[in-house]
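Each reported figure results from applying straightforward, stated rules to the coordinates on display, with no laboratory input. This is a predicted model, so every value here is computed, not measured. Please note: Cβ atoms are built from the backbone with ideal geometry, for glycine as well, and neighbour counts cover all protein chains shown.
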Amino acid sequence: MISIQIVPRVGQNAYKLLRHKVTHEARTWDWTNKARTRLKHRQLKQGYIEVASADSIVVAHIHPKKPSEAFFLLEKFIGRLTAWFAEDIVAINVQFIPEEKRRKQ
């Protein structure tokens, strides 16, 4: 799994900035649920990014339909964050978390 942390500048709330931008201004990103925690890119039929907040930091998990589509969601998301929030964020951290293999029963 790929996990992304978006760290805002002091006094900013990255989670609120992201929710407002996607809800009111985004053209290629949409919320796929009422709680506004799943982001979907219009060019990708399946797969999404699960978004949550830890204080004012955004924690996002990439959930592609196919493993080969993870790069698409990652690159589109980071590119859009850079374009939208270059002045509002300090860091975008990407973590590659190994998935646990399920045991056959």
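Taking the simple approach of a point 7 Å from Cα along Cα-to-Cβ for both residue 12 and residue 32, what is their distance in nm?
Once both label points are built, they end up 2.7 nm from each other.
Taking the beta-carbon count within 10 Å as an exposure proxy, list 71, 77, 96 from fewest neighbours to most.
96, 71, 77
What net charge do the residues around residue 1 carry, taking every other residue with its C-beta under 11 Å from that of residue 1, with Lys and Arg at +1 and Asp and Glu at -1?
-3
Please report how far the C-alpha centroid of segment 75-98 lies from that of segment 1-73, rounded to the nearest whole angstrom.
Result: 10 Å between the Cα centres.
Considering the chain as a Gaussian network with a 10 Å cut-off on Cα pairs, which listed residue, 66, 40, 21, attains the greatest mean-square fluctuation?
Judging by the Gaussian network model, the answer is 66.
Hey, what angle do you get for helix 14-24 against the long axis of the chain, alpha-carbon based, 0 to 90 degrees rounded to 10?
The two axes meet at around 90 degrees.
Per DSSP H run of n ≥ 4, the term is -39500 (n - 2.57); total these for the chain, divide by its residue number, and report the mean residue ellipticity at 222 nm rounded to 500 deg cm²/dmol.
Using -39500 (n - 2.57) per qualifying helix, the result is -8000 deg cm²/dmol.
Quick one: 3J(HN,Hα) in Hz for segment 78-85, Karplus 6.51/-1.76/1.60 with θ = phi - 60°, rounded, Gly and Pro as x.
Running phi through 6.51 cos²θ - 1.76 cosθ + 1.60 with θ = phi - 60° gives 5, x, 5, 4, 5, 5, 7, 10 Hz.
In a shell of Cβ-Cβ distance under 12 Å around residue 88, excluding residue 88 itself, what net charge do Lys and Arg (+1) and Asp and Glu (-1) give?
+2
Return a whole-number percent for the relative contact order of the chain, with Cα pairs under 8 Å and 6 or more residues apart as the contact set.
39
Summing Lys, Arg as +1 and Asp, Glu as -1, what charge do residues with Cβ under 15 Å from the Cβ of residue 46 carry, residue 46 excluded?
Net of charged neighbours comes to +4.
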